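A short write-up of the structure that comes next.
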Amino acid sequence: MASSTRVAVTGLGVRTPAGHHLKDLWETLAAGHSTARTITSFAADGLPVNFACQVGDPKWAELVTVRQAHRMDRTTLLAVCAAADAVTDAGELHAPPERRAVMTGTGQAGNETYEQAMLGYGEFGNPTPLTVPKSMHNAAAAWISMRHQVLGPSLTVSSACASGGHAIGEGLRLIRDGSADVVVAGGAEACISPSVLLAFHRCGALSRRVTDPERASRPFDIDRDGFVMAEGAAFVVLERLEAALRRGARVYAELAGYGRTSDAYHLTMPVPDGGGAERCMRQALTDARLSPGHVVHVNAHGTGTPLNDLAEAQAISRVFGSGQVSVTSTKSVIGHALGAAGAIEAVVSALTVFHGAAHPTANLDTLDPGCDVDVVRAPRALAPGAVLSNSFAFGGHNASLVFTPSGT
Amino acid sequence: MPVSTPIPAWKGHLRVSDEEIFEELRSLCVSLLDADPAALSPATDLRRDLEADSLDLAELVTAAEVRFGHPFDFDLALRMQTLADAVTLVRATVDRDRSAQPG
């Protein structure tokens with residue numbers, strides 16, 4: 001049932017392949033050039049897929065000590081940095097510790113830590129006392145709770161590539177149901193490794209365009225052949241709109257609606273007609289008390305896999321009408337950061353509302369005729385209205401978030 | 001900062017001196033606890049001076065096991081106060097294992 005509590009997005013923080021500052025992220029997206037590159041951070045020569053969208057130096061030294069970083073997997077480090085930036089960005093928050101909450105999402109959690117402990121060491125591996133606390137899925141939530149004195153709920157959701165979207169949606173619910181006054185919510189992922197690249201390649205999910213990585217992520221294009229792996233983290237600060245306005249906070253957007261559905265169909269494939277995605281978008285709109293006509297833009301899940309884009313485009317067409325709403329894919333520029341993707345795209349969607357403009361989808365040379373949607377090819381000004389962000393996942397987990405301009 | 005690969009450099013027949021044990025422990029404190037090597041002495045208190053908690057001590061013990069190639073009495077190791085205590089523990093363990101070797 002839709003809630004009468006209005007929730008504002010007042011802080012944003014990121015660690016992405018397009019930079020760690022909102023301005024850098026937004027400008028890179030607006031330029032519409034992919035950040036995918038051949039991997040140089042480890043020996044990837046022998047791999048069938050040797051490119052990705054990687055995050056540069058996370059620039060953590062100002063935010064965590066060397067000893068704290070030693071106890072964090074890279075995923076956690078990215079999360080803690082992005083969350084800290086989001087809290088700083090939100091300005092002075094007045095919620096007492098007991099009324100604060102954190103909700104994180106991740107797919108593979110501390111994969112790097114786990115691989116370091118297990119690979120090359122025989123059947124027992126070589127775990128250290130830090131292997132479990134560094135690799136557990138809730139590690140980022142734990143660190144964020146400690147850093148920001150969160151004494152209320154601290155939880156983690158893991159729904160593969162929808163984790164970040166679900167984390168923010170569940171954060172919205174914590175505000176609405178009175179569990180917390182301020183929620184730091186987002187997602188993180190850092191699992192670009194030979195094993196994980198090989199694993200995704202072997203299930204046929206990755207683009208194989210090794211000779212031209214910058215052209216590899218091409219959502220909705222007729223020649224798309226899979227997604228490009230990425231890493232990153234993004235967090236938002238959520239609070240009641242009324243409280244945000246009272247303290248004079250800058251409101252990027254309202255988080256007005258959240259939908260979550262399941263395909264209940266297949267471990268990796270979406271329902272071919274996008275039925276699960278359609279129900280998810282409709283549920284999010286109902287939750288936001290909006291009709292499809294109120295939506296001016298969709299930030300698509302848009303992975304660039306043949307199956308996702310076709311199913312998602314069909315679902316979007318059914319909900320909004322053919323070509324009736326502009327659609328873009330952030331993954332065309334910064335790749336697919338798996339459990340972080342939904343959170344990064346929520347940040348981009350909030351910025352889309354805030355700036356009143358949509359960024360283009362990179363590498364769209366020829367629209368797949370099966371995808372009957374209006375894909376943004378150049379930066380486009382938007383009429384004031386709602387922006388819907390989709391996140392779908394292996395396992396058939398779907399999440400949709402609806403952002404609206406504040407004060408509407 | 002991954003712990004170095006498990007090469008049991010001191011295992012078996014090698015006779016390791018207390019000074020060598022201390023130097024190995026010093027290097028572990030630097031890599032695992034971000035300690036200033038110049039500030040470390042046998043009198044250094046692991047908890048008070050290096051702010052080591054139980055997880056730090058467990059990590060130190062595990063890394064030392066790998067470095068010296070001997071399993072330590074974990075409960076005893078967690079009761080160490082100073083680096084000198086740690087040297088004593090390693091010394092006792094190495095000597096015990098040497099004397100237990102056949103021949």
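The values are calculated or read from the model by the stated rules, or taken from the named source; none is laboratory data. Everything numeric here is computed off the predicted structure, so don't read it as measured data. Cβ atoms come from the backbone with ideal geometry, glycine included; neighbour counts cover every protein chain shown.
Across region A:131-174, the qualifying residues are those that are closer than 27 Å to A:D287 by Cβ and touching an Asp or Glu at 6+ places or on another chain (Cβ under 7 Å), and the one among them that is surrounded by the fewest Cβ atoms within 10 Å (Cβ to Cβ) is A:G152. Taken together, the criteria exclude B:S17 from residues that are out of contact with any Lys or Arg (no Cβ under 8 Å at 6 or more places or on another chain), of a type in the set (G, A, S) and closer than 26 Å to A:P133 by Cα. Scanning region B:83-103 for residues that are more than 11 Å from the chain's Cα centre (by Cα) and at pLDDT 90 or above returns a single hit, B:A92. Looking only at region A:57-85, filter to residues that are charged (D, E, K, R) and assigned to a loop (DSSP other than H, G, I, E, B); which one of those is surrounded by the most Cβ atoms within 10 Å (Cβ to Cβ)? Per the stated criteria, the residue is A:D73. Right, A:S326: surrounded by fewer than 24 Cβ atoms within 10 Å (Cβ to Cβ) and touching a Lys or Arg at 6+ places or on another chain (Cβ under 8 Å) or not? Judged against the criteria, A:S326 is a match.
Taken over region A:260-311, the criterion of being at positive phi and either crowded, with 18+ Cβ neighbours inside 10 Å or of a type in the set (F, W, Y) (or both) is satisfied by A:G274, A:G302, A:G304.
Counting just the residues of region B:30-46 that are of a type in the set (A, V, I, L, M) and touching a residue at least 40 places away in the same chain (Cβ under 8 Å), which one comes out farthest from B:D85 (Cα to Cα)? Walk me through how you get there before you give the answer.
Taking region B:30-46 first, the residues of a type in the set (A, V, I, L, M) are B:30, B:32-33, B:35, B:38-40, B:43, B:46.
Okay, now just the ones that are also touching a residue at least 40 places away in the same chain (Cβ under 8 Å), so B:40, B:43, B:46.
On the way: B:L40: 13, B:A43: 9, B:L46: 10 Å.
Among residues in region B:30-46 that are of a type in the set (A, V, I, L, M) and touching a residue at least 40 places away in the same chain (Cβ under 8 Å), the one farthest from B:D85 (Cα to Cα) is B:L40.
Within region A:131-170, the set of residues being closer than 26 Å to A:G396 by Cβ and hydroxyl-bearing (S, T, Y) comprises A:S135, A:T156, A:S158, A:S159, A:S163. Close contacts from region B:47-72, counting a first residue that is more than 13 Å from chain A (Cβ to nearest Cβ) and a second that is aromatic (F, W, Y), with Cβ to Cβ under 9 Å and a gap of 6+ residues or different chains, come to B:F68/B:W10; B:G69/B:W10; B:H70/B:W10.
Test A:T40 against the stated conditions and say whether it is β-branched (V, I, T) and in a loop (DSSP other than H, G, I, E, B). Against the criterion (β-branched (V, I, T) and in a loop (DSSP other than H, G, I, E, B)), A:T40 qualifies.
The residues on offer are B:D53, B:D85, B:D73, B:D95, and the sole one that is within 21 Å of A:H70 (Cα to Cα), acidic (D, E) and out of contact with any Lys or Arg (no Cβ under 7 Å at 6 or more places or on another chain) is B:D53. Scanning region A:345-353 finds no residues that are closer than 17 Å to A:G186 by Cβ and part of a loop (DSSP other than H, G, I, E, B). Taken over region A:105-152, the criterion of being within 14 Å of chain B (Cβ to nearest Cβ), among the basic types (K, R) and under 21 Å from A:V183 (Cβ atoms) is satisfied by no residue.
When restricted to residues that are within 13 Å of another protein chain (Cβ to nearest Cβ) and touching a Lys or Arg at 6+ places or on another chain (Cβ under 6 Å), region A:53-86 contains 1. Total residues in region A:210-245 satisfying the condition of being part of a loop (DSSP other than H, G, I, E, B), farther than 27 Å from A:A140 by Cα and touching a residue at least 40 places away in the same chain (Cβ under 8 Å): the figure is 11. Between A:A101, A:A95, A:A30, the distinction of being more than 30 Å from A:G178 (Cβ to Cβ), touching a strand residue (DSSP E or B) at 6+ places or on another chain (Cβ under 9 Å), of a type in the set (G, A, S) and away from chain B (no Cβ under 14 Å) belongs to A:A30 only.
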